[in-house]
Structures are given as C-alpha cells and as structure tokens.
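Have a look at the structure below, then the notes.
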Amino acid sequence: MSQQKIALVTGANKGIGYEIAAGLGALGWNVGIGARDDQRRETAVEKLRAAGVEAFGVPLDVTDDASVTAAAHLIDQHAGGLDVLVNNAGITGGVPQEPTRVDPATIRRVVETNVIGVIRVTNAMLPMLRRSASPRIVNMSSSVGSLTRQSTPGAETGPISAAYAPSKSFLNAVTIQYVKELAGTGILINAGCPGFTATDLNGFRGVRTPQQGAAIAITLATLPDDGPTGGFFEDDGEVPW
C-alpha cells in the first residue's frame with residue numbers, strides 16, 4: 001500500500017460523517033464516502049473535491065450483504081487497501097420508543113443498521129485492514145449507550161429509548177469483543193461519542209456542530225501505534241461503560 005492513508009467513512013454524505021471525511025481529507029488522506037443514496041453521495045464527493053479533499057464514492061448499504069461485499073471490492077480496486085474504517089452510519093428508529101409502546105420491528109431495524117451493519121462492514125473490510133501498517137477501527141457510539149450513565153440518578157441521558165440507546169450499548173459490547181479477538185494484530189479499535197450534535201438524526205436539536213461532533217472520530221482514527229484500544233471516548237475523555 002502507498003504511504004497515503006486510505007479511510008472509509010460510512011454514512012458520510014451528510015452531518016457528522018461528512019465532517020469526519022472532510023477532517024481526514026484535510027490531513028491528506030484519500031477518503032471513501034460510503035452512502036446508500038447515489039445523488040447525495042456524489043454531491044458530497046464533489047463538494048469535498050472542490051475543497052481539495054481526495055475523495056471517492058462508495059455505494060454502500062450497511063444492511064445488505066451484497067452491497068457491503070461490492071464496497072470492499074471497490075475500495076481494494078480503487079485505492080489498493082484500507083487503513084481506517086469509521087463505522088458512522090446509524091439510525092434512531094423514530095418514535096415511540098418507550099419500552100411499553102415500541103414496535104419490536106423498530107428495534108429490529110435499528111439493531112440491523114447500528115449493530116449488525118457495523119459487524120457486516122467491519123468483517124468485509126478486515127482483510128484490507130490487516131494489510132495496513134497502522135489499522136484503526138472507529139465505531140461511532142453515543143453516551144446514551146452508557147449503562148453507567150443510564151443508571152445514574154439525575155444523569156442527562158436523553159429520552160427513554162428501547163431501540164436507539166440499547167443499540168449503542170449493544171455496539172459497545174460488540175466493540176469489546178472485536179478488541180478481544182483481534183488483540184495482538186495491531187488494529188486499534190475504539191468507540192467514540194460525538195456529543196449532542198445538531199443533525200437530521202435528531203431534528204437538528206443538538207447543541208454541537210457537525211464539525212465538533214466529528215472531532216472524536218478524527219482523533220481515534222489518527223491514534224499513534226501506541227494509542228489506546230478497547231476504549232469508549234468523548235472529547236472530555238473516557239465515557240463509562
């Protein structure tokens with residue numbers, strides 16, 4: 001592989017994902033813009049290129065096996081490999097999410113994207129990551145997935161959620177299992193929380209900008225070889241599990 005870093009950011013056509021791609025691109029990286037929507041993906045690629053970022057589109061539906069397999073092949077053929085995977089794509093599932101009212105199909109749909117999608121993409125990209133000199137995996141989680149914070153009286157943990165918040169707890173648990181299995185491979189794997197960021201995911205109610213939300217992912221994607229692995233981080237430091 002060349003000395004230029006290659007990254008894939010899922011859900012990168014807008015919001016935090018777009019800003020993660022822009023931030024890595026500003027470092028001189030070649031960034032794959034993973035997204036389902038063809039028009040939005042290509043618009044994002046064009047915008048990034050206009051800003052001087054080396055970017056390429058990656059058609060990618062994280063819930064579809066064939067799409068993910070094709071994405072891995074495209075990256076290998078176009079860029080020759082992969083150094084960093086940022087699993088950013090995610091959905092909230094909408095409302096209602098109170099456990100007494102939520103539709104089980106909503107939980108299934110959220111877990112399919114937020115957890116199984118991460119597993120599907122990670123496993124497809126692992127052969128390329130194993131070839132990298134400094135491979136990194138960043139799973140975009142959320143502090144609402146912290147069981148410690150959720151069970152702390154008075155802690156701000158957002159609305160009651162039987163789908164989205166537990167999906168992030170599930171993602172955190174899966175992240176730890178990857179860390180255990182891939183110990184000794186040199187792949188640093190961490191979960192990051194962007195904070196309450198204003199995106200269409202939350203109806204733009206957040207108090208942080210997408211650029212601010214992207215910062216933790218960029219930090220974790222660019223860790224030195226002796227950096228942490230198996231952690232859960234936000235801008236202020238570690239998030240309790």
If the chain between residue 134 and residue 119 were fully stretched, how many nm would it gain, using 0.36 nm times the residue separation less the Cα-Cα distance?
3.4 nm
Stretched fully, the stretch from residue 77 through residue 156 gains (0.36 nm per residue minus C-alpha distance, one decimal, in nm) 23.9 nm
Cut-off 16 Å (backbone N to label point 7 Å along Cα→Cβ of residue 40), residues of the range 60-87:
60-64
Taking residue 47 as the anchor, which lysines have their alpha carbon closer than 26 Å to its alpha carbon, excluding any fewer than eight residues away along the same chain?
5, 14
May I ask you to derive the relative contact order of the chain, considering only C-alpha pairs under 8 Å and at least 6 residues apart, and to give it as an integer percent?
19
At a Förster distance of 41 Å, what's the computed FRET efficiency of residue 69 paired with residue 101, Cβ-Cβ distance as r, to 0.05?
0.65
If each K or R counts +1 and each D or E counts -1, the residues other than residue 48 whose Cβ falls under 13 Å of its Cβ total +1
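Can you give the helix-only mean residue ellipticity at 222 nm for the chain, where every DSSP H stretch with n ≥ 4 adds -39500 (n - 2.57) and the sum goes over all residues, rounded to the nearest 500 deg cm²/dmol? If you can, show how the numbers build up before the last one.
On the way: 8 runs with 97 residues, N = 241.
Only helices count here, giving -12500 deg cm²/dmol.
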Would you compute the Debye intensity of the range 105-175 from its alpha-carbon atoms alone, equal scatterers and no solvent, and pass along log10 I(q)/I(0) at q = 0.11, 0.16, 0.17 Å⁻¹ to two decimals?
-0.34, -0.62, -0.68
If one computes the Cα centroid of the range 127-150 and of the range 43-104, what distance in Å separates the two points?
15
Find which of 107, 159, 121 sits farthest along the positive direction of the dipole of the chain, computed with +1 on the beta-carbon of Lys and Arg, -1 on that of Asp and Glu, about the Cα centre.
107
Seen from all sides and averaged, what is the projected area of the convex hull of the Cα atoms in the chain, in nm²?
12.4
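Please arrange 47, 180, 5, 14 by how many other C-beta atoms lie within 10 Å of their C-beta, fewest to most.
180, 47, 14, 5
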Which stretch or stretches of the range 42-72 have amide N atoms under 17 Å from the point lying 7 Å from residue 223's Cα along the Cα→Cβ direction?
none
How high is the FRET efficiency from residue 4 to residue 236, r the C-beta distance, R0 35 Å, rounded to 0.05?
0.65
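Where a number appears in this text, it was derived from the coordinates with a stated rule and is not lab data. Please read these numbers as outputs of a predicted model, since none were measured by experiment. Every residue, glycine as well, gets a Cβ built from its backbone with ideal geometry; the counts of neighbours run over all protein chains shown.
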